[in-house]
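Inspection log for the structure reproduced underneath, given as structure tokens.
Values in this text are rule-based calculations from the coordinates and carry no lab data. Note that the structure is a prediction, hence the values are computed from the model and not measured. Cβ sites come from the backbone with ideal geometry, for glycine too, and all protein chains shown count toward neighbours.
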Amino acid sequence: NVEQNPPWLHVQEGENTNFPCRFPSSNFYSLHWYRWEPAKPPMFLISVTLNGDEKRTGRVRTTLNTQEGYSSFYIRGCQPEDAATYFC
């Protein structure tokens, strides 16, 4: 059971944002983030596989804490083209 809360975010252009993801800590050893837009297939963005790890690519980064069952996906300097559904 994976939970993303809040279910949606409204962000102003240029702001940074954070999408949290909670999961049962004992069942996950890696976590993947995807972007989805209507009429398109989900697009893989980034993954983390080690507890305490942080990965970066371009304006996005993600962290993973398997002990607490928590991951965050960050976008730096949001742009209008970033509007989409993001999920873990």
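Size of the dipole of the chain about the Cα centre, Lys and Arg at +1 and Asp and Glu at -1 on the beta carbon, nothing else charged, in debye to 20? Spell out each step's value before the answer.
On the way: 8 positive and 9 negative charges, 38 e Å.
So the magnitude is around 180 debye.
Would you mind ranking Leu45, Leu64, Leu50 by Cβ crowding within 10 Å, fewest neighbours first? Walk me through the intermediate numbers first.
Numbers: Leu45 19, Leu64 26, Leu50 11.
By the 10 Å Cβ count, ascending: Leu50, Leu45, Leu64.
Grab the other residues whose beta carbon is less than 14 angstrom from that of Phe19, score K and R as +1, D and E as -1, and report the net.
Values: positive: Arg22, Arg35, Arg59, Arg61, Arg76; negative: Glu3, Glu15, Asp82.
Local net charge: +2.
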Based on the Kirkwood radius over alpha-carbon pairs, what value in µm²/s does the Stokes-Einstein equation return for the translational diffusion coefficient of the stretch 17-87 at 25 °C and 0.890 mPa s?
194 µm²/s
